[in-house]
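Handing you a structure now.
The values are calculated or read from the model by the stated rules, or taken from the named source; none is laboratory data. Remember, it's a predicted structure, so these values are computed and weren't measured experimentally. Note that each Cβ is placed from the backbone with ideal geometry, even for glycine, and that neighbours are counted across all protein chains shown. Remember, those area values only see protein heavy atoms, side chains included, never the ligands or the DNA or RNA. Shrake-Rupley method; radii C 1.70, N 1.55, O 1.52, S 1.80 Å.
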Amino acid sequence: MPEQRTVRLSISGMSCAGCVAAAEEALRAVPGVREASVNFADHTATVTGSADAGQLIAAVGRAGYGATVLRGADDMEEREAAERAHYHRLLRNTAVAAALGVPLFLGGMLGLLPPLDTPGGRILWLLIGVATLGVLIHAGGHFFTGAWSSFLNHNANMDTLIALGTGSAWCYSMAVVLFPDLVPSLARHAYFEAAVIIIALINLGSALEMRARGKTSEAIKRLIHLQPPTARVIRDGRELDLPIEQIVLDDTLRVRPGERIAVDGEVIDGSSTVDESMLTGEPRPVSKGVGDQVTAGTVNRTGTFLFQARRIGSDTVLARIIEMVRQAQSSKPAIGRLVDRVAAVFVPVVLIVAVLTFLAWFNFGPEPWAGFALVTTMTVLIIACPCALGLATPMSIMVGVGKAAEHGVLIRNGDALQQAGRVTTVVLDKTGTVTEGRPAVTALLPLGERDELELLRTAAALESGSEHPLAQAILDAARERGLELPPASGFAAVAGHGVRGEVEGKAILLGNRRFMQDNGIDPAALEQEAARLAAQAETPVYLAVDGSLAGLVSVADPVRADSRQAIERLQRLGISVVLLSGDSRTTAEAVARQVGVETVFAEVLPGEKGEKVAELQAAGEIVGMVGDGINDAPALARADVGFAIGTGTDVAIESADITLMRGSLHGVADAIAISTATVRNIKQNLFGAFIYNSLGIPIAAGVLYPVSGLLLNPMIAGGAMALSSVTVVSNANRLRSLRPREST
């Protein structure tokens, strides 16, 4: 298989949603491209496959657009500089067009301009026509070149509509000035002011839209600027300030109070508190000491420490978060893909409507039929530009994904963002999700002549080959007591039941009640104690030596301090909450009582978790599964939305549809609140865009004229078209003020 990679391109020359389909079609036609998604909101494309960047750029060029590869922060800064220059150019174009259009408009309204049928008037209007042509070339030339490029590529877009509308107005006006006898006297009217004012209004609207669009990418900008440009590296006994590009794995770095950490690493000397809020959304600083992990972009607060670089460049957690947010912002939910399909045929449909409008007025309209036909056709072309339609979904997605990232919620794609707000049932894995995930030994109950230390020593020796959280708790307890562990052999784990092996020549079994019974061992002697411990939300683990019950080790995993509060938030949203656990029913129900959950699936084996999710889905529930992103992978994949709870680890980031960077269930409620608000915002934008076009096009075509005698002025149509895009962008930016905690 050829190597699969993702290439991000900056696309220039796109003017409306219709361009998205043309650019995507061109990219998908390149051999080796598996998926291509074009984002009209930030004019980028994300392409996955084996095709190289040169092939992709060439394909975009053949479709009539420009493309460059986006690689990192430097590219983003260059792109921002280019956008600022384009913004100022649009303002200049607006001023140039308005400088001619406004005096013409006022002169016509006040009767200050001479009529066309006088010799002096014809000369003045001829000069006005030449000046108008100059303005159209200078301030609106990009519309005409864009329209010509689209024509050559057998496409039609916003540029096509604007060029046809303003171009036909200028041509008609010049024909009236040069050959007035060709048209009836009532139709001898020039529309130069309409052409230039439309150009002015559309340029102004584009500038305002661009300025508002820039705010939607602030989340990415903040993330990129979290990484410091330099770091203090210790090499050969000297401390050097080096660019982070020169840091290599295993370099030793010093971090002083107030400095940002440059790369991911492990503390090897000193201690401090570190503000990790940019990753987790958690405002409280975290204590760090020798052996603890530190993450690029976080801020050292108090002490000074040394750490060793473990991940650099694109491998850091911060770099991967940035890439995930970028991909999510560029992705399209199902509703967005539907809108793209509509937008792809929208402009051709508008052109047909414009032709029908012209023919209707030309053949059936009152005098001056030629003037009416021109004005209504031009108005239809101008008002119908589908910019607002194309911006409706991607603008909201960009702001929503960025807002989620600010709260430590990483959303992998647009579908997950759309689906999260529809969840009706949330399934919570107990260990490490509802609980802290750091169990500790709370009781040792030996049988016979064995003492507690011997019981713990035997259990820890066997568990030294296991990575299970309960095993780690037993090993930690043995380490704290300074026990020396004998070697174990023949270690084998039975998923969901226990482990077996040999220690000092004796056959050892360590596991739950079912595991003992399956191996012919009667747990009755300790069942009463086990039941008591389980009722206190502790996990009793039986130990057997050479076929005889030897004792009980009890392990407890404390419930997270905010689990109950977060679950109450979910329940207030009308979401059913289910607790899923491999522990005994008594233990699982004890935890459920502590956090206010009524439905419990207990004694569930790892392989059965996905089946429980499927059962809920079969009952008509839309299921969100919350787990640690490792043991719960099948259930996370099976769920409609998988939430991986993590603390910034690379495993957690790659695990699910949505990754919660802090170990709190509040992240689930935050994600659902942000999803709900974002989807609502998208629907508002789409409703506004469709209503605008549904009402605007018929009114522009003149449906009100037979009833009221009113026709829509082309200049008003140009202003309305520009305002519709600005309105959509502004509405999307309202999401930036969303506070998920307050909305739930």
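Restricting to the stretch 319-338, count the residues that are under 23 Å from THR298 (Cβ atoms) and open to solvent by 50 Å² or more (accessible area, probe 1.4 Å).
3
State whether one or more residues within the stretch 313-333 are under 30 Å from GLU266 (Cβ atoms), part of a loop (DSSP other than H, G, I, E, B) and polar (S, T, N, Q).
Going through the stretch 313-333, the residues under 30 Å from GLU266 (Cβ atoms) turn out to be 313-328.
Subset that is part of a loop (DSSP other than H, G, I, E, B): 316.
Now drop any that are not polar (S, T, N, Q), which leaves 316.
The answer is yes; a qualifying residue exists.
Next up: Determine which single condition GLU77 fails, assuming it passes every other condition in (1) within 23 Å of GLY313 (Cα to Cα); (2) in contact (Cβ under 8 Å) with a residue 40 or more places away in the chain; (3) of a type outside the set (Phe, Trp, Tyr).
Single failed check for GLU77: (2).
Condition first: open to solvent by 10 Å² or more (accessible area, probe 1.4 Å), within 24 Å of ASP159 (Cβ to Cβ) and in contact with a Ser or Thr (Cβ under 7 Å, 6 or more places away or on another chain). Now tell me which residues in the stretch 25-41 satisfy that.
Once the filter is applied, which keeps residues that are open to solvent by 10 Å² or more (accessible area, probe 1.4 Å), within 24 Å of ASP159 (Cβ to Cβ) and in contact with a Ser or Thr (Cβ under 7 Å, 6 or more places away or on another chain), the stretch 25-41 yields only SER37.
Among GLY496, GLY465, GLY501, GLY448, which is touching a residue at least 40 places away in the same chain (Cβ under 8 Å) and crowded, with 16+ Cβ neighbours inside 10 Å?
So the residue among GLY496, GLY465, GLY501, GLY448 that is touching a residue at least 40 places away in the same chain (Cβ under 8 Å) and crowded, with 16+ Cβ neighbours inside 10 Å is GLY496.
If CYS385 satisfies all but one of (1) in a loop (DSSP other than H, G, I, E, B); (2) surrounded by fewer than 22 Cβ atoms within 10 Å (Cβ to Cβ), what's the number of the condition it fails?
Unmet condition: (2).
If you don't mind, another one. Exactly one condition in (1) more than 25 Å from ARG513 (Cα to Cα); (2) within 45 Å of the chain's Cα centre (by Cα) is not met by PRO487; state its number.
Answer for PRO487: the failing condition is (2).
Mind listing just one residue for me: the one in the stretch 600-611 that is out of contact with any Ser or Thr (no Cβ under 9 Å at 6 or more places or on another chain) and either over 19 Å from GLY432 (Cα atoms) or part of a loop (DSSP other than H, G, I, E, B) (or both) and, of those, least open to solvent (accessible area, probe 1.4 Å)?
Step one: list which residues in the stretch 600-611 are out of contact with any Ser or Thr (no Cβ under 9 Å at 6 or more places or on another chain), which gives 605-611.
Checking which are either over 19 Å from GLY432 (Cα atoms) or part of a loop (DSSP other than H, G, I, E, B) (or both) leaves us with 605, 611.
Details: LEU605: 40, GLU611: 110 Å².
It comes out as LEU605.
List every residue pair whose Cβ atoms lie under 6 Å apart, where the two residues are 6 or more positions apart in sequence or sit on different chains, the first residue falls within the stretch 394-412 and is part of a loop (DSSP other than H, G, I, E, B), and the second residue, located anywhere, is open to solvent by 10 Å² or more (accessible area, probe 1.4 Å) and of a type in the set (S, T, N, Q).
Short answer, once both residue conditions are applied: GLY408/THR280.
In the stretch 134-149, is there at least one residue being open to solvent by less than 20 Å² (accessible area, probe 1.4 Å), farther than 30 Å from ARG62 by Cα and more than 37 Å from the chain's Cα centre (by Cα)? Spell out the reasoning first.
First pass over the stretch 134-149, keeping only residues open to solvent by less than 20 Å² (accessible area, probe 1.4 Å): 135-136, 139-141, 143, 146-147.
From the residues that got through so far, the ones that are farther than 30 Å from ARG62 by Cα too are none.
No, the conditions are met nowhere in the stretch 134-149.
Something else now. Quick check: is even one residue across the stretch 415-431 in contact with a Pro (Cβ under 7 Å, 6 or more places away or on another chain), outside any loop (DSSP other than H, G, I, E, B), more than 30 Å from GLN472 (Cα to Cα) and not polar (S, T, N, Q)?
So in the stretch 415-431, the residues in contact with a Pro (Cβ under 7 Å, 6 or more places away or on another chain) come out as 415, 417-418, 431.
Those left that are additionally outside any loop (DSSP other than H, G, I, E, B): 415, 417-418, 431.
If we keep only those that are more than 30 Å from GLN472 (Cα to Cα) too, we end up with 415, 417-418.
If we keep only those that are not polar (S, T, N, Q) too, we end up with 415, 417.
Yes, the stretch 415-431 contains at least one residue that is in contact with a Pro (Cβ under 7 Å, 6 or more places away or on another chain), outside any loop (DSSP other than H, G, I, E, B), more than 30 Å from GLN472 (Cα to Cα) and not polar (S, T, N, Q).
Note down all Cβ pairs under 8 Å where the first residue falls in the stretch 661-672 and is open to solvent by 10 Å² or more (accessible area, probe 1.4 Å), the second is assigned to a helix (DSSP H, G or I), and they're at least six residues apart or on different chains.
ARG662/LEU279; ARG662/THR280; GLY663/GLY432
Yes or no, residue by residue, for (1) surrounded by fewer than 24 Cβ atoms within 10 Å (Cβ to Cβ); (2) at pLDDT 85 or above; (3) hydroxyl-bearing (Ser, Thr, Tyr); (4) at negative phi:
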| residue | (1), (2), (3), (4) |
| --- | --- |
| VAL399 | no, yes, no, yes |
| ALA404 | no, yes, no, yes |
| VAL409 | no, yes, no, yes |
| ARG412 | yes, no, no, yes |
| GLN419 | yes, yes, no, yes |
| THR425 | yes, yes, yes, yes |
| ARG438 | yes, no, no, yes |
| ALA443 | yes, yes, no, yes |
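I need the full set of residues from the stretch 61-115 which are open to solvent by less than 50 Å² (accessible area, probe 1.4 Å), among the aliphatic types (A, V, I, L, M) and outside any helix (DSSP H, G or I), in order please.
Across the stretch 61-115, the qualifying residues are ALA63, ALA67, VAL69, LEU70.
Please give the number of the condition GLY547 fails out of (1) free of Cβ contacts under 8 Å to residues at least 40 places away in the same chain; (2) more than 25 Å from ALA635 (Cβ to Cβ).
(1)
Is one or more of the residues making up the stretch 366-379 free of Cβ contacts under 8 Å to residues at least 12 places away in the same chain, out of contact with any strand residue (DSSP E or B) (no Cβ under 7 Å at 6 or more places or on another chain) and not hydroxyl-bearing (Ser, Thr, Tyr)?
Filtering the stretch 366-379 for residues free of Cβ contacts under 8 Å to residues at least 12 places away in the same chain gives 366.
Narrowing the set further to residues that are out of contact with any strand residue (DSSP E or B) (no Cβ under 7 Å at 6 or more places or on another chain) leaves 366.
Filter again for not hydroxyl-bearing (Ser, Thr, Tyr), leaving 366.
Checked against the condition, which is being free of Cβ contacts under 8 Å to residues at least 12 places away in the same chain, out of contact with any strand residue (DSSP E or B) (no Cβ under 7 Å at 6 or more places or on another chain) and not hydroxyl-bearing (Ser, Thr, Tyr), the stretch 366-379 yields at least one hit.
Which residues, taken from the stretch 572-599, are without any contact (Cβ under 8 Å) to a residue 40 or more places away in the chain and either surrounded by 20 or more Cβ atoms within 10 Å (Cβ to Cβ) or assigned to a helix (DSSP H, G or I) (or both)?
ARG585, GLU589, ALA592, ARG593
What are the pairs with Cβ atoms under 9 angstrom where one residue, in the stretch 172-190, is small (Gly, Ala, Ser) and the other, located anywhere, is surrounded by 13 or more Cβ atoms within 10 Å (Cβ to Cβ) and at pLDDT below 70? Sequence gap at least six, or different chains.
Once the first residue is small (Gly, Ala, Ser) and sits in the stretch 172-190, its partners that are surrounded by 13 or more Cβ atoms within 10 Å (Cβ to Cβ) and at pLDDT below 70 give ALA175/VAL183.
Okay, moving on. Take the stretch 160-171 and flag every residue that is in contact (Cβ under 8 Å) with a residue 24 or more places away in the chain and open to solvent by 10 Å² or more (accessible area, probe 1.4 Å). Step through it out loud before you land on a result.
Step one: filter the stretch 160-171 for residues in contact (Cβ under 8 Å) with a residue 24 or more places away in the chain, giving 160-162, 164-170.
Scanning the stretch 160-171 gives THR160, LEU164, GLY167, SER168, TRP170.
Of the residues ALA644, ALA588, only one is within 23 Å of GLY663 (Cβ to Cβ) and under 21 Å from the mean Cα position of the chain (by Cα); which?
Numbers: ALA588 fails: under 21 Å from the mean Cα position of the chain (by Cα).
ALA644 is the lone residue from the list that is within 23 Å of GLY663 (Cβ to Cβ) and under 21 Å from the mean Cα position of the chain (by Cα).
Against the condition more than 28 Å from the chain's Cα centre (by Cα), in contact (Cβ under 8 Å) with a residue 60 or more places away in the chain and buried (at least 22 other Cβ atoms within 10 Å of the Cβ), how does GLY18 come out, does it pass?
Working: more than 28 Å from the chain's Cα centre (by Cα): no; in contact (Cβ under 8 Å) with a residue 60 or more places away in the chain: yes; buried (at least 22 other Cβ atoms within 10 Å of the Cβ): yes.
Answer is no for this residue.
In the stretch 522-544, what residues are loosely packed, with under 14 Cβ neighbours inside 10 Å and without any contact (Cβ under 8 Å) to a residue 12 or more places away in the chain?
Correct list: ALA524, GLN528.
For ARG457, indicate whether it is open to solvent by 40 Å² or more (accessible area, probe 1.4 Å), touching a Leu at 6+ places or on another chain (Cβ under 7 Å) and under 22 Å from SER548 (Cα atoms).
yes
I've got another one for you. What single numbered condition from (1) at pLDDT 80 or above; (2) surrounded by fewer than 19 Cβ atoms within 10 Å (Cβ to Cβ) fails to hold for ARG341?
Only one criterion is unmet by ARG341, namely (1).
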